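K.L.:
First the structure, which I've put down as structure tokens, then a few questions once you've had a look.
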Amino acid sequence: MKKKLQKVMAALFLGIMILPPAVWGVLCLAGRGNPALMERIDFDLGENRSKAEYPERFDPADYTGRLEAFYNDRAPFRSLLISGYRKLEGKLEGIYRNDMQPVLVAMLYGEEGIYGAGGEVSELDLEAAFGASSGEGDDKSAVTAGNDPEAGGAAEEHDYVEVERTPESCTEDGSVTWRCSLCGDSYTEILPAAGHREEAVEVVEATYLNYGYTDYRCSACGKSRRGDFKEKPVDTSYLPPTLAADYTILGRFDWLFYRGNASVSYYRGTNLLTEEEMAAALAKLRKLQDVCDEKQITLRFMVMPNKEQVYPEYMPTYEIAETVKRDERLAAYIRENSEIEFLYPLEELKAGKMYYDTYYQYDTHWNNVGSFVGVQVLRQSLGLSTTTFSDWEMTPTEDTMKGLIATGGLDASNYPPDVDYVIDYKPDVSVTFTEGTAGLDLSTPVYRAESEAENDCRFVMIGDSFRLGMIPYLEKDFSEICLAHRDNVSEVKADVQEADILVVSAVERFDELLFDTAEVLTQYLSDG
């Protein structure tokens, strides 16, 4: 009988040792294709610490302890067991607070208790007896001194009940308000923001055309985030420059670029401005700045980078003369020698393309995403809050901008559809009036709009076709906007004179026209 009992005990012991890991392994295998299952059995306990790492090196002093800590952090069903323990502990604590503690308080501090009838007790005594200092804590039923204990004041009993609760979210604190049913005393308990509980939903490997990244989603609120970016490989093999119809450059992986307006010189860095030329350009900008300051108009200058500056990895092999190009140098010069805000969002557009392409593959313009980035750079310079892609719904759509295919006389059927994104920007802001055609309709010289935007001011922008992609965002950012091509600036003279914010812009290859436009606007404002 004794041997049988020993065998049963041995079998139970082996079962306890082997069965949980075996069941855990089976569940983990099943959970690979079922994230909901893994969320139920292996979830974040909110411990606010990193798990113990496996001890790579043997150290007799602490090796076994570190090995034990590593296993404990990964024990089968750890989350379920700890969570169950926390719930049980909470229930027992509730029983103690609601049923046992009031009785003990009456026994010790009631009229006939040990410390009753004016007896004295220190905070240390209370802490030792109940695990909390007097008059503080999260208990719904607690004892607080109605008068100074040292003056012999009698203790006052409270019966706190919950009267209002605002749940905490991932990013916002919540609160619970308690009120005593006996005397009406109340207090509010802050519930700290829980923080996002992110889990990886998709891992994308880097390719020649895309950065690698991991998409995360919060299991509590559903907010998405893209991170853990990996650089895409770059083809550095020799690719001779090839032109189609003399104006379209055939790039790598079917990317097309524009050759006109000395674009290659800008790309290679062979047309840098001299110190004297930069000083002359700054003088023109400064004159406009001075008259705008006098009339209390907020002024910004903005140069949109050429596409090849943002996507050099797809350009054919050219000899680069200078790595810091013309307008990047000019922007640095203006910052160093004046207080003028001169925006050249090259780095921001490069950062944006890690998420989505910021320029069209078959056109020379920036796309909806690039325009969005440009608007955020502008908002930041104006001291306004900025947003990111994750704040808005991004809907993929087929790209219809294929100007470089037509310019090069190429067969469109040889170029697969490109992807653009429609950004549902500020859907709650209503546009109440428009004049002109929004979007990249190059026949639109002037566009005006009015909306219920929070920024109640007149926004005027003078530039070229790159301004048109910014319209869907600007018309919801400012209550009145007017965007005009520099060739039609005479049509908006009154708009310029009444502007609260004036932006003078140009794509990089037309930067000299920006300086000329500044002179015209200076004259208009001086006349006004």
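The values are calculated or read from the model by the stated rules, or taken from the named source; none is laboratory data. In this text, all values refer to a predicted model and were calculated from it rather than measured experimentally. Because the Cβ atoms are built from the backbone with ideal geometry, glycine has one as well, and the counts that use them run over all protein chains shown. All accessible areas refer to the heavy atoms of the entire protein, side chains included, with ligands and DNA or RNA removed. Shrake-Rupley method; radii C 1.70, N 1.55, O 1.52, S 1.80 Å.
K.L.:
Out of SER526, SER479, SER505, SER443, I need the residue that is modelled with pLDDT of 95 or more and either open to solvent by 60 Å² or more (accessible area, probe 1.4 Å) or farther than 22 Å from LYS287 by Cβ (or both). Which one?
P.N.:
Exactly one of SER526, SER479, SER505, SER443 is modelled with pLDDT of 95 or more and either open to solvent by 60 Å² or more (accessible area, probe 1.4 Å) or farther than 22 Å from LYS287 by Cβ (or both), namely SER479.
K.L.:
Does any residue of region 357-377 turn out to be open to solvent by 10 Å² or more (accessible area, probe 1.4 Å), charged (D, E, K, R), modelled with pLDDT of 95 or more and part of a helix (DSSP H, G or I)?
P.N.:
No.
K.L.:
Something else: Going by the structure shown, is ASP246 without any contact (Cβ under 8 Å) to a residue 60 or more places away in the chain and assigned to a loop (DSSP other than H, G, I, E, B)?
P.N.:
So ASP246 fits the description; yes.
K.L.:
Now, a different point. Taking GLU322, is it loosely packed, with under 14 Cβ neighbours inside 10 Å, within 33 Å of the chain's Cα centre (by Cα) and not basic (Lys, Arg)?
P.N.:
The answer is no for GLU322.
K.L.:
Does region 243-260 contain at least one residue that is open to solvent by less than 40 Å² (accessible area, probe 1.4 Å) and closer than 20 Å to ALA331 by Cβ?
P.N.:
No: region 243-260 contains no residue that is open to solvent by less than 40 Å² (accessible area, probe 1.4 Å) and closer than 20 Å to ALA331 by Cβ.
K.L.:
Taking the criterion of being touching a Lys or Arg at 6+ places or on another chain (Cβ under 6 Å) and open to solvent by 50 Å² or more (accessible area, probe 1.4 Å), would at least one residue in region 341-352 satisfy it?
P.N.:
Yes, region 341-352 has at least one match.
K.L.:
Inspect all residues belonging to region 214-230 and state whether any of them is assigned to a loop (DSSP other than H, G, I, E, B), open to solvent by 60 Å² or more (accessible area, probe 1.4 Å) and polar (S, T, N, Q).
P.N.:
no
K.L.:
Looking at PRO427, PRO396, PRO417, PRO445, which is the one that is within 26 Å of VAL460 (Cα to Cα) and free of Cβ contacts under 8 Å to residues at least 40 places away in the same chain?
P.N.:
Just a single option satisfies the conditions, and that option is PRO427.
For every residue, the table says whether it meets (1) open to solvent by 60 Å² or more (accessible area, probe 1.4 Å); (2) closer than 20 Å to PHE515 by Cβ; (3) of a type in the set (Val, Ile, Thr); (4) part of a helix (DSSP H, G or I).
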{"site": "GLN289", "(1), (2), (3), (4)": "no, yes, no, yes"}
{"site": "ASP293", "(1), (2), (3), (4)": "yes, yes, no, yes"}
{"site": "GLN296", "(1), (2), (3), (4)": "yes, no, no, no"}
{"site": "GLU308", "(1), (2), (3), (4)": "no, no, no, yes"}
{"site": "TYR318", "(1), (2), (3), (4)": "no, no, no, no"}
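K.L.:
May I pose another question? So LEU468 fits all but one of (1) within 28 Å of the chain's Cα centre (by Cα); (2) open to solvent by less than 10 Å² (accessible area, probe 1.4 Å); (3) modelled with pLDDT of 95 or more; (4) aliphatic (A, V, I, L, M); what number is the exception?
P.N.:
Among (1) within 28 Å of the chain's Cα centre (by Cα); (2) open to solvent by less than 10 Å² (accessible area, probe 1.4 Å); (3) modelled with pLDDT of 95 or more; (4) aliphatic (A, V, I, L, M), the lone unmet condition for LEU468 is (3).
K.L.:
When LEU182 is evaluated against the numbered criteria (1) open to solvent by 40 Å² or more (accessible area, probe 1.4 Å); (2) modelled with pLDDT of 90 or more; (3) assigned to a loop (DSSP other than H, G, I, E, B); (4) touching a strand residue (DSSP E or B) at 6+ places or on another chain (Cβ under 8 Å), which criterion, by number, is the only one it fails?
P.N.:
(2)
K.L.:
Let me ask something additional. Take the residues of region 197-213 that are part of a strand (DSSP E or B) and crowded, with 16+ Cβ neighbours inside 10 Å: which is farthest from the chain's Cα centre (by Cα)?
P.N.:
GLY212
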